[in-house]
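In what follows, a structure is listed as structure tokens, so that the remarks can point back to it.
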Amino acid sequence: MKAIKRFFRFVFCGMATDTKYLAPVINHLPDAFIIIDRRGIVTSANNACYNLLGYNESEIVGQSASLFFVDYYASEQEQNEIYLGKILDRLVLKGFVNNLEVIFLTKSKKKIPVMFNGVVLRDKKNNITGVLGLARNIREIKRDKDKISVLQKISFLSLDDRDISVIMKDIGTYIKEFFEVERASYYAVDNGYLKSVYASDYQEKITLKIPDGIAGYSASIKKSYYTNNAADDEHFYSLIDKKSGYKTKNILVCPILDKDEVIGAVELINKNEDFNEQDQKDLEEMVNLAKFVIFNRQKEIKLKESEEKFKTLAEQSPSMIFINEMGKVVYANKKCEEIMGYTREEFYAPDFNFLNLIAPECVDLIKKSFSRHMQSEEIESFEYALLTKQGKRIEGILSTRIIKYGGKNAILGTVTDITERRKMEEEQKKNYEIQDIINDLLHRQVEGFSLYNILEEALKKILFIKWLTFENKGVIFLVSEDGKKLVLAAQSCLSEYVCTRCKEVKFGECMCGRAALLQTVEFSDHLDERHTVKYEGIMEHGHYCVPIISNGKTLGVINTYLKQGHIRNKKEEEFLSAMADILGGIIERKKNEQEKENLYLQVLKSARLASIGELASGLAHEIGNPMQTILGNAELLLMDAQNEELLAIKNASLHCKEIIKGLLDFSRQREMN
């Protein structure tokens, strides 16, 4: 949040006047960027905001932010205005808001959850002028969490003792709410027909002959199928709509398969937006899990022990499922074996300590959770980390509940692997850190810091980022004025000898010179033949040498030191290349500023010389005429009689004439220039 405050303080408090350079930065931000004045009117936004909301600039700027900043449950615009006012009041009171989850309404009336961060903007007199916000679309993250929740709820229904029709209704409700559709229906196959066994809002039974209708067609091809324009789809069976008066807009159907046999289908109707391939995949995943809860339960209804029913379903689960009884693992499904690397025999061994599966920092959390469970407390799902037999770290979400197993209380746990999601979150943190670095460099540029100061700060930030494995040594070169060599501009932890030897590097010399000449990233994991600058006692190391290029012209090189044997990393190269691009823009702008300053000084000097020329010309004309009269009279008098005083007047007049001639010559030269 401090980085956001710092960046936008200099952008919007009159300190950044050159929008030519700032506008591209703002428009390339991945998050929606919005400025709202004190009246709640949008005064500025970036491309990410327009793309997110589906409006163009003229449709947003100048409008109330309540156009898209809405209360999820609001039915009238006035309620949205009140909701916006509450958020703005909160901003004014605190000066900022962090990670506030709100709803944006798009032009097509879609409600999108976003994570909103905002700060108050003030003028030089510290008066509030408005607020600035960054909004990130968290729809996919929220969707993933909601999907995990639905899958876990469906999994727990496998142990539910209620009637199968009630369980089907619960699953239908979960699926209906997740996809935000008007109707969710189940069909069972009976002698070549699909017969409805459940519909969330339709009581009459529906029978379709396979392959009639969208559901029948999906069952016939044994694949999921969706259409977002039902009326124009050749497979749509319109007779049901005509009889019921219902209007079907879009449909998604997923067949339920037992091995290669179709035993039913799940149909979703009228989502508030178009169905897509992700919906198709998510429904297939839910149906594959739900079929073990519903259809397999129907097949196994005569089984007496609920533990056996559970095991049959758990073995097919994509999540790890276990049962812990008094600190001992008494059941672990196949997925536990696959992910954790232990056999069931090892899990069930009397001396097996299940706490060995838990990352050390999470052991106390697990102990407290299990202790509360054994006291009949319900525990909400929480995140923790496990260690496989091979020592690999797994990030997971643990959902637990108390069950009866063998007549005794036991803990049923479901672990959902979120390792990949964690990696994505770490990647987002890295992106925030990179953006913070960029903001700081841009801040220094606009604040008037020298180019060398900016380069030194950039090098320091590059070398000391925690998630990069660079050495703490590096250098940044700039291209000399003649464009034939690199000149050392900033360095970190280099020896005096290296600084002297590499003070200037010719294009093509050593790895830095090659990067400058070829305009390519030069990488090495040791001192190879390209590293031509060597000296006695040099230690083995590697390099990333990244050219700084702007408009096809090499402006400098970033050189980082690496440990011997360092593995080339695409992410590291992308980061260094991004930093080179940023520095290229800064260097280019600094050069332009210097050229403007030099031009200004030249114009000022010319203006001063022109003024002197005009003065000289005026003086020459004003003094020349009287002086010519004095000279002429002196010569006439000398014709009558020789006199030393007259001769002195004549000589002085001739000397003045030469001075006047010089002034006239100078003024004519200025006119020519």
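The values are calculated or read from the model by the stated rules, or taken from the named source; none is laboratory data. Because the structure is a prediction, the values reported are computed rather than measured. Cβ atoms come from the backbone with ideal geometry, glycine included; neighbour counts cover every protein chain shown. Each accessible area value is taken on the protein alone, full model and side chains, heavy atoms only, with ligands, DNA and RNA left out. Shrake-Rupley method; radii C 1.70, N 1.55, O 1.52, S 1.80 Å.
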Label points 7 Å out from Cα along the Cβ direction at E644 and A578: separation in nm? 9.3 nm
Cross-link partners of K408 among aspartates and glutamates (Cα-Cα below 19 Å; sequence separation of 8 or more within a chain): D160, D161, E305, E307, E308, E325, E377, E378
Sorted by average packing, counted as other Cβ atoms within 10 angstrom per residue and highest first, what order do 523-536, 126-139, 484-497 take? 126-139, 484-497, 523-536
Using the heavy atoms of the protein chains and a 1.4 angstrom probe, tell me the accessible area per residue for the chain in square angstrom. 55 Å²
Calculated FRET efficiency, H526 and H28, Cβ-Cβ r, R0 35 Å, to nearest 0.05? 0.40
Express in nm, to one decimal, how much length is gained between N625 and T207 on full extension, taking 0.36 nm for each residue of separation and deducting their alpha carbon distance. 138.5 nm
How big is the charge dipole of the chain about its Cα centre, in debye rounded to the nearest 20, if each Lys and Arg gets +1 on its Cβ and each Asp and Glu gets -1 on its Cβ? 1020 debye
Which of the chymotrypsin sites (Phe, Trp or Tyr not before Pro) found in region 187-286 are loop residues per DSSP with 14 or fewer other Cβ atoms within 10 Å of their Cβ? Y246
Over 28 Å between C-alpha atoms is what I'm after, so list which of K291/K335; K605/K661; K271/K334 land there. K271/K334
Please compute the modelled spin-label separation between Q278 and E234, points set 7 Å along Cα→Cβ, answer in nm with one decimal. 3.1 nm
Cα-based shape type of region 455-540, given that a ≥ b ≥ c are square roots of the gyration tensor eigenvalues and the cut on a/c is 1.5: rounded
Could you work out what % of the accessible surface of region 310-364 is carbon and sulfur, using a 1.4 angstrom probe and leaving DNA, RNA and ligands out of the count? 54 percent
Radius of gyration, Dmax [the chain; alpha carbons; angstrom]: 39.4, 155
Inter-label distance, nm, simple model (7 Å from Cα along the C-beta direction), E433/D351: 4.3 nm
In whole percent, what relative contact order does region 460-511 give with Cα contacts below 8 Å and a gap of six or more residues? 28 percent
Mind checking which aspartates and glutamates have their C-alpha under 13 Å from K209, skipping anything on the same chain fewer than 8 residues away? D190
How large is the helix-only mean residue ellipticity at 222 nm for the chain, computed as the sum of -39500 (n - 2.57) over DSSP H runs with n ≥ 4, divided by its residue count, in deg cm²/dmol to the nearest 500? -15000 deg cm²/dmol
Using DSSP to define loop residues, name the trypsin sites (Lys or Arg not before Pro) in region 219-288 whose beta-carbon has at most 14 other beta-carbon atoms within 10 Å. K222, K223, K247, K259
Could you tell me the relative contact order of the chain? Use alpha-carbon pairs under 8 Å, at least six residues apart, and round to a whole percent. 6 percent
With a 1.4 Å probe and every protein chain kept in, tell me what percent of the accessible surface of region 367-417 is carbon plus sulfur. 46 percent
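Leaving out ligands, DNA and RNA, and with a 1.4 Å probe, what % of the accessible surface on region 483-565 is carbon or sulfur?
Result for region 483-565: 50 percent of the exposed heavy-atom area is carbon or sulfur.
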Please say if region 188-230 is rounded, prolate or oblate, where rounded means a/c under 1.5 for a ≥ b ≥ c the square roots of the C-alpha gyration tensor eigenvalues, and otherwise the choice is prolate for a/b larger than b/c and oblate otherwise? oblate
Taking 397-404, 204-211 and ranking on average Cβ neighbours within 10 Å, highest first, one gets 397-404, 204-211
Find how much the distance from K247 to L100 grows on full extension, using 0.36 nm per residue of separation minus their present alpha carbon separation; answer in nm with one decimal. 49.1 nm
